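Data block below; observations after.
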């Protein structure tokens with residue numbers, strides 16, 4: 001059982017190392033754009049794929065729920081609200097926890113077991129500055145961007161489904177969409193997405209750096225990174241709902 | 001000079017170093033021999049602060065490594081070239097980019113970085129492979145690229161971790177020659193860890209044997225060959241019993 005002093009010392013040491021890595025701008029800044037492309041831009045197809053089907057299913061489900069009880073234009077309200085507040089950020093976050101979290105953990109884990117991380121240190125690089133900071137910053141910035149695109153596509157496919165399969169007009173769908181819309185719906189979703197990006201990338205980096213025992217260790221830590229990333233997303237989702245709604 | 005002072009290190013219940021003491025004199029090549037898994041690489045990692053001792057310590061030029069702050073440790077690492085057993089090349093970079101990695105930290109003019117990269121690759125005979133990736137070259141070429149990355153820094157010390165392991169006899173002999181030439185031309189102090197006795201005798205001015213976490217014997221190649229210590233003799237002669 002660790003004493004309180006040891007825990008405080010551990011947290012203090014980790015915070016100091018993180019601050020030192022962040023201050024080493026010359027090391028991480030040239031790598032940032034590449035990571036934003038790799039972790040963010042390259043993740044857009046999978047995020048949009050999920051968003052397309054989410055929009056379709058939401059429109060059909062809301063029609064099923066509302067028919068005969070409330071006016072059909074509520075389909076637009078449900079599709080918009082649900083995608084912006086919850087399904088856009090969370091489903092995109094989950095998909096990216098798999099793609100980005102696994103990618104980071106496997107890459108850094110392989111570097112660790114092949115002594116590339118040690119080599120970085122002997123060449124006077126701080127692995128925190130070189131490996132962790134650019135990935136964490138890139139994911140924190142790019143998750144909201146990818147999520148915003150997913151929200152847009154989800155709403156569009158919801159609208160497309162509504163006007164083609166549910167006998168709604170565009171005007172009715174937009175009326176529902178605007179009826180309960182608040183600007184907060186959007187930024188709430190994007191703040192959540194940024195926090196998901198931070199925690200998914202940080203988990204991937206930390207699990208990667210903790211890797212031992214060759215290929216088996218890489219597989220184990222990669223799996224851990226994805227599982228912990230998904231669990232953290234669900235916990236953060238509840239946290240933000242509690243704090244911001 | 002590098003001085004190991006009563007170094008202790010354990011991983012879990014396994015005691016790896018149990019009072020290891022040894023001086024590595026300047027300008028010479030010291031070879032540390034010992035069985036696989038005896039802790040030779042662990043010793044090298046203490047020199048550059050990749051591992052922290054449980055007790056005792058390592059002094060480099062009179063300064064205790066585990067007492068250095070971050071900036072001092074970075075400064076120390078700039079004086080030490082580390083040649084990894086697996087080469088530890090960054091596999092997303094070409095061989096030339098690997099060599100440039102260390103130089104990029106030294107705030108040198110671009111022309112100096114380019115010329116040192118070219119010189120280091122030429123020194124190890126890899127000028128023609130500069131643009132190739134680690135996955136596209138042989139194991140021996142990867143090891144030589146790792147050497148180029150270390151010597152490009154013009155270090156005072158070079159640490160060689162099993163430089164001939166996994167190489168065929170001819171390539172091993174070529175590697176020995178390269179190590180001797182590097183030490184002679186650059187005037188570096190070298191510490192080589194290996195269990196390849198042919199290589200140890202070929203490159204070592206002094207040979208020390210690590211056994212059960214301590215130095216069992218130390219001396220010149222001739223002295224080690226002539227020793228009557230049964231443990232050392234068994235290892236040198238490669239006898240199973």
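The values are calculated or read from the model by the stated rules, or taken from the named source; none is laboratory data. Keep in mind it's a predicted model, so treat the numbers as computed, not measured. Please note: Cβ atoms are built from the backbone with ideal geometry, for glycine as well, and neighbour counts cover all protein chains shown.
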Checklist entry - Just checking, which of B:171, B:194, B:188 is over 21 Å from residue B:42 (Cβ atoms) and surrounded by 19 or more Cβ atoms within 10 Å (Cβ to Cβ)? => result B:188
Checklist entry - Which residue out of A:113, A:57, A:75 is in contact with a helix residue (DSSP H, G or I) (Cβ under 8 Å, 6 or more places away or on another chain) and more than 14 Å from chain B (Cβ to nearest Cβ)? => result A:75
Checklist outcome for this item: Checked B:62, B:39 against criteria (farther than 19 Å from residue B:166 by Cβ, more than 14 Å from chain A (Cβ to nearest Cβ), surrounded by fewer than 20 Cβ atoms within 10 Å (Cβ to Cβ) and in contact with a strand residue (DSSP E or B) (Cβ under 9 Å, 6 or more places away or on another chain)); the one match is B:62
Next on the checklist: Considering only residues that are closer than 30 Å to residue A:77 by Cβ and either in a loop (DSSP other than H, G, I, E, B) or touching a residue at least 60 places away in the same chain (Cβ under 8 Å) (or both), which ones fall in the stretch A:87-134?
Outcome noted: A:87, A:88, A:89, A:90, A:92, A:93, A:94, A:96, A:97
Checklist entry - Would you pick out the residues in the stretch B:1-36 that are surrounded by fewer than 20 Cβ atoms within 10 Å (Cβ to Cβ), in contact with a helix residue (DSSP H, G or I) (Cβ under 9 Å, 6 or more places away or on another chain) and either touching a residue at least 24 places away in the same chain (Cβ under 8 Å) or not in a strand (DSSP E or B) (or both)? => result B:27, B:28, B:35
Next on the checklist: Scan the stretch A:211-218 and tell me whether some residue there is crowded, with 19+ Cβ neighbours inside 10 Å, within 20 Å of residue A:135 (Cβ to Cβ) and in contact with a helix residue (DSSP H, G or I) (Cβ under 8 Å, 6 or more places away or on another chain).
Outcome noted: yes
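Results for (1) assigned to a helix (DSSP H, G or I); (2) surrounded by 21 or more Cβ atoms within 10 Å (Cβ to Cβ); (3) away from every other protein chain (no Cβ under 11 Å); (4) without any contact (Cβ under 8 Å) to a residue 60 or more places away in the chain, shown as yes or no for each residue.
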| position | (1), (2), (3), (4) |
| --- | --- |
| B:82 | no, yes, no, no |
| B:93 | no, no, no, yes |
| B:135 | yes, no, yes, yes |
| B:144 | yes, yes, yes, yes |
| B:165 | no, no, yes, no |
Checklist entry - Going through the stretch B:95-121 one residue at a time, which ones are farther than 18 Å from residue B:50 by Cα, facing chain A (nearest Cβ under 10 Å) and surrounded by 24 or more Cβ atoms within 10 Å (Cβ to Cβ)? => result B:98
Next on the checklist: Going by what's in this entry, would residue A:157 be described as within 14 Å of chain B (Cβ to nearest Cβ), more than 19 Å from residue A:36 (Cα to Cα) and in contact (Cβ under 8 Å) with a residue 60 or more places away in the chain?
Outcome noted: no
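Name the residue, out of B:139, B:125, that is within 14 Å of another protein chain (Cβ to nearest Cβ), modelled with pLDDT under 95, more than 29 Å from residue B:75 (Cβ to Cβ) and more than 13 Å from the chain's Cα centre (by Cα).
When all the criteria are applied, what remains is B:139.
Which one of A:186, A:198, A:234 is under 17 Å from residue A:146 (Cβ atoms), surrounded by fewer than 19 Cβ atoms within 10 Å (Cβ to Cβ) and at pLDDT 95 or above?
A:198
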